[in-house]
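**Student:** Below are the C-alpha cells for one structure; questions will follow.
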Amino acid sequence: MSVLVQREAADIREEWLGRALSTLPADRPAAEAAISELYRLIGLAPPRFHWAPSPVTALTTVPPGVRPRPSETVDRISAWPLPSRFSSLMRQLCTALDAQVGWGRQSMDQLIRQKVRSPLTRSTDGSLRMPLLAAHDSRHRFRNAWYDTQCVSWIAHYDALRRAAGVPFTPEQNRRLDLWAAVARSGGWWWPREGACVISERPVTMRTEVCGDDGEVRLHSADGPAVRYADGWDVHAWHGTRVPSWVITDPSVQRIAREANVEVRRCAIEHIGWASYIDRAGLRLVASAPDPGNPGSELRLYDMRRETRVLLAVNGSVERDGRRRRYGLTVPGFLDDPIAAAGWTYGLSAEQYSLLLRRT
C-alpha cells in the first residue's frame, strides 16, 4: 500500500473517530430515515421513533403501545428478534463486501484492518462502551453482538477500502453501507423493536485522552465527568477506568481506606499522587533501595493495609508529557525487601530483577 493511501486511510480513521465521539445534537431526520430503510431491508414497515436523552434512560424506556416479550430484557438484547435480524443483515453485507475485495487486495485489506478498524474498535471500547456498561449497571466488559453491529469500526473499514484503496463496490452495496454509515454518524445507540425504535441522543460532554500509537483514545477527566448527557446522567473515568464520582471530585485517604475495589483505590491514589497519599495516610516506610532496573531511581516499600504493602517506584519509560511517572504497586505483606518486591511484580526473584538492564 502506498504512503499516500496509508495517509488517506488514517484521515478516514480520524474522521470516523470524530463522528463517534461527537457531542453535537443528533441529526434526528437523517437517523430516522436511515433506520427506516434498514427496517425495509428486513421486510418491516418503518417504526415509530422514541428519542431518549441518554443510554440509561433509553434502556429503561418502553415506548407507548409496546408490550415487551418476557425474553426482551436489557441483558439479553442480542436475543431480541430485531437486533439479531439487523446483525445478520450487517454480516451479509460484510460478506458481500469482502468478496469484492478479492485475493488481489488481501494485503491492502489487512493493513486497513490494522490501521483503521482495530484502532477504532479499541477507541470505541475505551470511550463509548463505558457509559453503555454503566447504563447496563455493569463494571464487567462484555461483548454484545448488537452493540458490535453499531460500532463505527467496521463501517470505517469498508469506507476506507472504497475511498482510499479504490475497491469497487456495487451501487447496491454502497447504498447499504451508506445506510449504516448514516445511522452511525447521526445519533447514539439504538434499540429496535417491531413497530418502535428507541434511540439515545449523543452526550453533551465527552473527554478523552490519546492512549495509542494509532490515535486510540480512552475516557479520562481529572476535574469532572468524562461523559455527561443532557438529562444529567454522567460517568467518571480516570485514564480509561470507570470510577465513582468521589475519585475525581473528592478523593481522600478516608474514602480510599473504605473502598473495596482495588482498581478504584488505585485511581483515587493516582489522582491524589502516590507521594502525597503516602504522606497523608502516614504510611510507615519499611525499607528503600536503589532500583537496579531503573538506574538513578529509588524503590520505597511501605506498609499499607493488613497483609499488604505498597512499592513506590518510578516508571522506566517516559510518558507522553516527557515526565517519568511515579506509581505504586501493592505487594504481599511478607515482602520486606524493595528489590524482592519489585521482582515479585514481574514474577522474578530479587536476584533476577537485579540483573535487568532497564525496567519499562
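The values are calculated or read from the model by the stated rules, or taken from the named source; none is laboratory data. Every value quoted in this text rests on a predicted model; they were computed, and no experiment measured them. No Cβ is skipped: glycine too gets one built from the backbone with ideal geometry, and neighbour counts run over all protein chains shown. In case anyone asks, the SASA skips ligands and DNA or RNA and just uses the protein heavy atoms, side chains included. Shrake-Rupley method; radii C 1.70, N 1.55, O 1.52, S 1.80 Å.
**Student:** Would you please list the contacts, defined by Cβ atoms under 6 Å and residues six or more apart or on different chains, that run from a residue in region 58-77 that is among the hydroxyl-bearing types (Ser, Thr, Tyr) to a residue that is part of a helix (DSSP H, G or I) and open to solvent by less than 30 Å² (accessible area, probe 1.4 Å)?
**Tutor:** none
**Student:** Let me ask you something else. In this structure, does residue 35 turn out to be buried (at least 17 other Cβ atoms within 10 Å of the Cβ), β-branched (Val, Ile, Thr), under 30 Å from residue 107 (Cβ atoms) and in contact with a helix residue (DSSP H, G or I) (Cβ under 8 Å, 6 or more places away or on another chain)?
**Tutor:** On the way: buried (at least 17 other Cβ atoms within 10 Å of the Cβ): yes; β-branched (Val, Ile, Thr): yes; under 30 Å from residue 107 (Cβ atoms): no; in contact with a helix residue (DSSP H, G or I) (Cβ under 8 Å, 6 or more places away or on another chain): yes.
It is false that residue 35 is buried (at least 17 other Cβ atoms within 10 Å of the Cβ), β-branched (Val, Ile, Thr), under 30 Å from residue 107 (Cβ atoms) and in contact with a helix residue (DSSP H, G or I) (Cβ under 8 Å, 6 or more places away or on another chain).
**Student:** Among 111, 133, 128, 120, which is the only one that is open to solvent by 20 Å² or more (accessible area, probe 1.4 Å) and within 16 Å of residue 19 (Cβ to Cβ)? Before you say what the answer is, go through the steps one by one.
**Tutor:** Numbers: 111 fails: within 16 Å of residue 19 (Cβ to Cβ); 133 fails: within 16 Å of residue 19 (Cβ to Cβ); 120 fails: open to solvent by 20 Å² or more (accessible area, probe 1.4 Å).
Only one candidate qualifies: 128.
**Student:** Looking at region 154-193, which of its residues are within 20 Å of residue 85 (Cα to Cα), of a type in the set (Gly, Ala, Ser) and not in a helix (DSSP H, G or I)?
**Tutor:** 188
**Student:** Could you please give the count of residues in region 73-91 that are in contact with a Phe, Trp or Tyr (Cβ under 6 Å, 6 or more places away or on another chain) and over 22 Å from residue 32 (Cβ atoms)?
**Tutor:** Summing the residues that are in contact with a Phe, Trp or Tyr (Cβ under 6 Å, 6 or more places away or on another chain) and over 22 Å from residue 32 (Cβ atoms) in region 73-91 gives 1.
**Student:** Further, regarding this structure: Considering only region 233-241, I want to know if a residue exists there that is farther than 26 Å from residue 154 by Cα, aromatic (Phe, Trp, Tyr), surrounded by fewer than 18 Cβ atoms within 10 Å (Cβ to Cβ) and out of contact with any strand residue (DSSP E or B) (no Cβ under 8 Å at 6 or more places or on another chain).
**Tutor:** no
**Student:** Any idea which of 71, 78 is more than 17 Å from residue 177 (Cβ to Cβ), under 24 Å from the mean Cα position of the chain (by Cα) and open to solvent by 10 Å² or more (accessible area, probe 1.4 Å)?
**Tutor:** Details: 71 fails: under 24 Å from the mean Cα position of the chain (by Cα).
Result of the check over 71, 78: 78.
**Student:** Can you list residue pairs whose Cβ atoms sit under 6 Å apart, with the first residue in region 248-267 being within 16 Å of residue 309 (Cα to Cα) and the second being assigned to a loop (DSSP other than H, G, I, E, B)? Count only pairs 6 or more apart in sequence or on different chains.
**Tutor:** 265/259
**Student:** Considering only region 274-298, how many residues are in contact with a helix residue (DSSP H, G or I) (Cβ under 6 Å, 6 or more places away or on another chain) and aliphatic (A, V, I, L, M)?
**Tutor:** 3
**Student:** When region 192-216 is examined, which residues are found to be of a type in the set (A, V, I, L, M, F, W, C) and open to solvent by less than 10 Å² (accessible area, probe 1.4 Å)? Give the steps one after another, and end with the answer.
**Tutor:** Filtering region 192-216 down to residues of a type in the set (A, V, I, L, M, F, W, C) leaves 196-199, 204, 206, 210-211.
Answer for region 192-216, where residues must be of a type in the set (A, V, I, L, M, F, W, C) and open to solvent by less than 10 Å² (accessible area, probe 1.4 Å): 196, 197, 198, 199.
**Student:** Name the residue that is surrounded by the most Cβ atoms within 10 Å (Cβ to Cβ), counting only residues in region 255-305 that are over 20 Å from residue 237 (Cα atoms) and among the polar types (S, T, N, Q).
**Tutor:** Start the filter on region 255-305 by keeping residues that are over 20 Å from residue 237 (Cα atoms), which leaves 275-276, 278-305.
If we keep only those that are among the polar types (S, T, N, Q) too, we end up with 276, 288, 294, 297.
Details: 276: 12, 288: 13, 294: 20, 297: 16.
That would be 294.
**Student:** Follow-up question, since we're still on this one. State yes or no: is residue 105 assigned to a helix (DSSP H, G or I), touching a residue at least 12 places away in the same chain (Cβ under 8 Å) and open to solvent by 20 Å² or more (accessible area, probe 1.4 Å)?
**Tutor:** Values: assigned to a helix (DSSP H, G or I): yes; touching a residue at least 12 places away in the same chain (Cβ under 8 Å): yes; open to solvent by 20 Å² or more (accessible area, probe 1.4 Å): yes.
Spelling it out, residue 105 is indeed assigned to a helix (DSSP H, G or I), touching a residue at least 12 places away in the same chain (Cβ under 8 Å) and open to solvent by 20 Å² or more (accessible area, probe 1.4 Å).
**Student:** Sticking with this structure for a sec: Would you be able to say whether some residue in region 194-207 is farther than 30 Å from residue 48 by Cβ and either outside any helix (DSSP H, G or I) or touching a strand residue (DSSP E or B) at 6+ places or on another chain (Cβ under 6 Å) (or both)? Even if it seems obvious, please write down each step before you answer.
**Tutor:** At the first step, the residues of region 194-207 found to be farther than 30 Å from residue 48 by Cβ are 207.
Next, only the ones that are either outside any helix (DSSP H, G or I) or touching a strand residue (DSSP E or B) at 6+ places or on another chain (Cβ under 6 Å) (or both) stay: 207.
Yes - at least one qualifying residue is present in region 194-207.
**Student:** Considering only residues that are at pLDDT 90 or above and surrounded by fewer than 19 Cβ atoms within 10 Å (Cβ to Cβ), look in region 317-343 and name the one that is nearest to residue 266 (Cα to Cα).
**Tutor:** Restricting to residues being at pLDDT 90 or above and surrounded by fewer than 19 Cβ atoms within 10 Å (Cβ to Cβ), the top hit is 332.
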